[in-house]
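Below is one structure, written out as structure tokens; the observations come after it.
The values are calculated or read from the model by the stated rules, or taken from the named source; none is laboratory data. It should be emphasised that the depicted structure is a prediction, and the values quoted were computed from it without experimental measurement. No Cβ is skipped: glycine too gets one built from the backbone with ideal geometry, and neighbour counts run over all protein chains shown. Surface areas here come from the heavy atoms of the whole protein model, side chains and all, with no ligands, DNA or RNA. Shrake-Rupley method; radii C 1.70, N 1.55, O 1.52, S 1.80 Å.
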2 protein chains.
Amino acid sequence: MEASRLFAERGYHGTSTRDIAEKVGMRQPSIYSHFATKHLILAELLDADLVPARARIRAALDLPAPVAARLHAYLQVDVAAILSLPYDVRGLYNDDVLRAPELAEQARRRAEIHDLTRELIDTGIDGGELVPFDTSFVQHAITGLLLEVVRERGATPSTAPAARALDVADFVLRALLLDAKLLNDVRARAGALVPHITALAAPHPEHAGA
Amino acid sequence: MEASRLFAERGYHGTSTRDIAEKVGMRQPSIYSHFATKHLILAELLDADLVPARARIRAALDLPAPVAARLHAYLQVDVAAILSLPYDVRGLYNDDVLRAPELAEQARRRAEIHDLTRELIDTGIDGGELVPFDTSFVQHAITGLLLEVVRERGATPSTAPAARALDVADFVLRALLLDAKLLNDVRARAGALVPHITALAAPHPEHAGA
DNA sequence: GCGAAAAGCTATCGACCTATAGGCTAGGAG
DNA sequence: CTCCTAGCCTATAGGTCGATAGCTTTTCGC
């Protein structure tokens, strides 16, 4: 349901099932041949982002490499993946809709991604690689950065996805690296990790759970 | 209308005038004794944030000091000011509601703030103080960071506002400063600027324009 | 070709939405 | 004491919402 980027533009409550139907060229009740409820439409869009995203951060946590390089690579892959999605999924995470009981599973997935992100950052701080910022603050900062950078895409895609992905990764690692001189080294190591994260995140066949 | 933080929690479309009325202890139609339309309720909340925010970035642009110090001070004051608001205004900027013609003035104000932010960053890059990131990217990064850090407040106010304000300012300047060793110096200069920005931003009597 | 399932349609329901109409009341000015 | 205004009320208009019922069309294995 690619055309359901309406959710991203107008928000869940601001988008009616009639709007969606018109965008995909059918009548409103026909939507219900494909989705039992409006919430499930959003759930499918969210899962299309959350499931690969969780696979990416898990891959970054498992790789044997310094935290800084893993974080840099993860951010690159994440931004690139999000920017390559046909719709602006990140625009959905603002609404409180995630608190709806029907979307509890998606909310849990998102929380899990945040937990794993904090875990990676914590490891980096404990290992003396990263500046000892408050871990929760850093996680929120990264989330906000991703959210807004991706929202920029809707307006003026001023830069190529790969370049913007590097911008994000560089920005965060400049902020977090204890020794700024290591950035070039981190970048080089991260470049080597990128294929591994991409590989580990993509091929999961997804057994389409409950 | 302090109790209208409902907009922030549920989004504009997700909040009905009945919800608002109930929160302030009246019946739904009585709202219309105070506001002609639902949009104007949101407009007032937005202005309460946007007008002082614009004054702050203008103050930061006018002060005679290095860009890095002005940016650091601006971010501190901005985060502290936003966190001290009784409602989570930033939660409102996600919806597309800002594109509604009734809120065109608020959208313009917000764009102006973004323009002024870019101007400050550009000055810093041209002057060799800041890393030559894409200016638009940096503005979006800052916006996203502010948005999300403030949203954190709603859940777990893990840290005091002043400390979180310093976190944000430090994070951004570590990312942007060409010479990371200057951070302590920047922080000291910024500390001296904070009162000036606060002073220039607050006392504007506001002649309540058209 | 044929029959069943998948997917679309029209019609409509009941709930909820923003906003208006018009009346009641409390409090200050004269 | 009277009048006027501000602020609240009830009632309701007029429209949109998500979702269901039941019929028709398209698709496709055989």
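With a/c under 1.5 counting as rounded, go ahead and sort the protein assembly as shown into rounded, prolate or oblate using the C-alpha gyration tensor (a ≥ b ≥ c being the square roots of the eigenvalues; past the cut-off, prolate if a/b is larger than b/c, else oblate). Mind showing how you got there, number by number?
Numbers: a/c = 1.87, a/b = 1.06, b/c = 1.77.
Oblate is the answer for the protein assembly as shown, as a/c is 1.5 or above yet b/c matches or exceeds a/b.
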Item to check | Shape of the stretch A:55-179, Cα gyration tensor, a/c cut at 1.5 | outcome: oblate
Checklist entry - Alpha carbon centre of the stretch A:177-200 versus the stretch B:12-62: separation in Å? => result 45 Å
Item to check | Surface per residue (accessible, 1.4 Å probe) for the stretch A:43-201, Å² | outcome: 37 Å²
Checklist entry - How far apart are the B:ALA192 label points across copies, placing each 7 Å from Cα toward Cβ, in nm, shortest first? => result 4.7
Checklist entry - How far apart, in nm, are the 7 Å Cα→Cβ label points at B:ASP179 and A:ALA160? => result 3.4 nm
Next on the checklist: What distance in nm lies between label points placed 7 Å from Cα along the C-beta direction at A:ASP115 and A:LEU61?
Outcome noted: 0.8 nm
Next on the checklist: Modelling each spin label as a point 7 Å along the Cα-to-Cβ direction, I'd like the B:TYR32/A:ALA48 distance in nm, to one decimal.
Outcome noted: 4.0 nm
Checklist outcome for this item: Counting only protein heavy atoms and leaving out ligands, DNA and RNA, the solvent-accessible surface of A:VAL24 at a 1.4 Å probe, in Å² to the nearest 10, equals 50 Å²
Next on the checklist: Using a label point 7 Å beyond Cα on the Cα-Cβ vector, give me the inter-copy distances for A:LYS23 in nanometres, one decimal, shortest first.
Outcome noted: 2.7
Checklist entry - Using Cα atoms only, what is the angle between the long axis of helix A:135-155 and the major principal axis of chain A, expressed in degrees (0 to 90) to the nearest 10? => result 50 degrees
Checklist entry - In percent, what relative contact order does chain B have, based on Cα pairs under 8 Å that are 6 or more apart in sequence? => result 30 percent
Item to check | Solvent-accessible area, 1.4 Å probe, carbon plus sulfur percent, for the protein assembly as shown | outcome: 55 percent
Next on the checklist: Less than 19 Å apart at the alpha-carbon level, and either on another chain or at least 8 residues along: which lysines does that give for B:LYS181?
Outcome noted: A:LYS181
Checklist entry - Please identify the GluC sites (Glu not before Pro) of the stretch A:103-140 that satisfy two criteria: DSSP loop assignment and at most 12 other Cβ atoms within 10 Å. Which are they? => result none
Checklist outcome for this item: Between chains A and B, total accessible area buried, probe 1.4 Å, no ligands or nucleic acids, nearest 100 Å², roughly 3000 Å²
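Shielding of B:73-80 by partners, i.e. mean partner chain Cβ atoms within 10 Å per residue?
On the way: counts 0, 0, 0, 0, 0, 0, 0, 0.
Across the residues of B:73-80, the mean count of other-chain Cβ atoms within 10 Å is 0.
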Next on the checklist: Only Cα pairs within less than 10 Å get springs; with that Gaussian network setup on chain A, which residue of A:ILE121, A:ILE82, A:ILE31 has the largest fluctuation?
Outcome noted: A:ILE31
